[in-house]
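Heads up, the thing below is written out as structure tokens.
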Amino acid sequence: MFETFLAIVKRDLILAMRRRSDVLTILFFFVIVVSLFPLGIGPEMNTLRLIAPGVVWVAALLASMLALERLFAIDYADGALEQMLLTPQPLSLLVLGKVTAHWLVTGVPLVLMAPVLGIQYDLSLDGLRVLVITLLLGTPALSLIGAIGAALTLGLRGGGVLVSLLVLPLTIPVLIFGAGAVEATVSGLGGEGHISMLAAILVMALFFAPLAAAAALRVSVE
Amino acid sequence: MLEVVDLECVRGDRRLFTNLSFSLSKGELLYLYGHNGSGKTTLMRAICGLLQPTEGEIRWDGEPIRELSEEYTREVLYIGHKNGIKDDLTALENLRVLSTLDGVHITEEQAWDALKRIGLHGFEDLPTQVLSQGQKRRVALARLLAHQARLWILDEPFTALDKAAVEMLQQVIREHLDRGGMAFLTTHQEVELTAGQVKQLQLGKGGQGCV
């Protein structure tokens, strides 16, 4: 069973490598959005430090929304998804594999890029560290929750807008705790509580999201 | 053995067929006929389990397929209108990934052999997006050679294939039937297949019925 999971992750990673531009678009979007704020607001260090966690987190959230649409759409269009539904493997496992690969190519680059971008906002070393930790916990949760929305809106016209409407409310807790942890650390209160909440959200999403997305896929493909 | 009992399917507001019953047992081939829009693909998707019929039941070895789920999908191989192969992967990668997902372990050598047999010798290492329609179809059909499914459900398998490939595919289906497999296929082409028991099923205007 684990072999199937690995096979699907590997397949999606190879596909992403051969379609690099799709992946780079997401990262590029994230970098641009985060970098534009200091330019627009001006070099007022105190203001920048104040808005840093929120801006980086909102940009990460939007970037992951942007990437969602493609999660199942291509497999749906070429019939590969249909075949996945017909394999003797638990569909939720295949969904988990797809989401994992999706996170590796769209989430991890954001996490790696975030500290570099954080420097523009004069974040302290502690702040940067917590930013990376929260993104590391938060972005997989965003991908997992988003997968449910992507599966539900598969094959619909204007699915992109609908996905955002469906998924954004569910992702707001991730945003609040993610940005909150960094803020709390910077202001000296300590962000451990927030980080624990993020981890809890991730665990919940890991368990429930693949099941929900699998059920949604069955309906969408019918 | 596959049994379809009193099946009814509705797409949109249109009732495609109703009270459809037939069965398929070892070594039998079922041809599905019908004009465009008569519900051939819908029937096939229902039998695969991709689509929930409005009424009736589909049984595999006496048990409803809904309850068997993964035990049933293991026995079935469906090749539909869409080939289900990834354009950015090579023929070889496509075949190997699909086999792994199907729970069949094939070695690299077996994959090469299957592709060679299906007539893709020399194209194994090319991304399938540079292949022609017929060659892409062959990549999808190569799964027939690597899979151990008992029931093959083939929706218009001969489209885009050249004459030699049609003959080769007929041979592959014949061998499958000789091994005790079952096949269920639609085609608009006149294809002669005279292995095992051949049944025919007509959908649409002229009424339904198994001949």
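Which of the residues spanning segment B:145-183 are of a type in the set (Ser, Thr, Tyr) and part of a helix (DSSP H, G or I)? Answer for segment B:145-183, where residues must be of a type in the set (Ser, Thr, Tyr) and part of a helix (DSSP H, G or I): there is none. The set of residues from segment B:26-67 being over 26 Å from residue B:189 (Cα atoms), in contact (Cβ under 8 Å) with a residue 24 or more places away in the chain and part of a strand (DSSP E or B) comprises B:55, B:56, B:57, B:58, B:59, B:60.
Here A:47, A:25 are screened, and the one residue that is at pLDDT 90 or above and polar (S, T, N, Q) is A:25. Residue count for segment A:102-137, restricted to those that are assigned to a loop (DSSP other than H, G, I, E, B) and under 19 Å from residue A:23 (Cα atoms): 1. Scanning segment B:53-75 for residues that are buried (at least 16 other Cβ atoms within 10 Å of the Cβ) and within 19 Å of the chain's Cα centre (by Cα) yields a count of 9. Number of residues in segment A:186-222 that are away from chain B (no Cβ under 14 Å), part of a helix (DSSP H, G or I) and touching a residue at least 60 places away in the same chain (Cβ under 8 Å) equals 15. Residue A:171 falls short on exactly one of the conditions (1) buried (at least 24 other Cβ atoms within 10 Å of the Cβ); (2) part of a helix (DSSP H, G or I), and that condition is (1). Scan segment B:76-105 for residues that are in contact (Cβ under 8 Å) with a residue 40 or more places away in the chain and crowded, with 20+ Cβ neighbours inside 10 Å and the total you get is 15.
Against the test of being assigned to a helix (DSSP H, G or I), more than 11 Å from every other protein chain (Cβ to nearest Cβ) and not polar (S, T, N, Q), the options A:73, A:77 yield a single qualifying residue, A:73. When residue A:87 is tested against (1) among the β-branched types (Val, Ile, Thr); (2) touching an Asp or Glu at 6+ places or on another chain (Cβ under 9 Å); (3) away from chain B (no Cβ under 12 Å), only condition (3) is not met.
When B:116, B:40 are checked against the criterion of being away from every other protein chain (no Cβ under 14 Å), on the phi < 0 side of the Ramachandran plot, crowded, with 22+ Cβ neighbours inside 10 Å and of a type outside the set (Phe, Trp, Tyr), a single residue qualifies: B:40. Test residue B:25 against the stated conditions and say whether it is under 16 Å from residue B:202 (Cα atoms) and at pLDDT below 90. For residue B:25, the condition - under 16 Å from residue B:202 (Cα atoms) and at pLDDT below 90 - is not met.
Among the candidates A:96, A:61, the residue that is under 18 Å from residue A:210 (Cβ atoms), modelled with pLDDT of 90 or more and not acidic (Asp, Glu) is uniquely A:96.
The values are calculated or read from the model by the stated rules, or taken from the named source; none is laboratory data. Since this is a predicted model, take the numbers as computed values, not measurements. Here the Cβ is made from the backbone with ideal geometry for all residues, glycine too, and neighbour counts use every protein chain on show.
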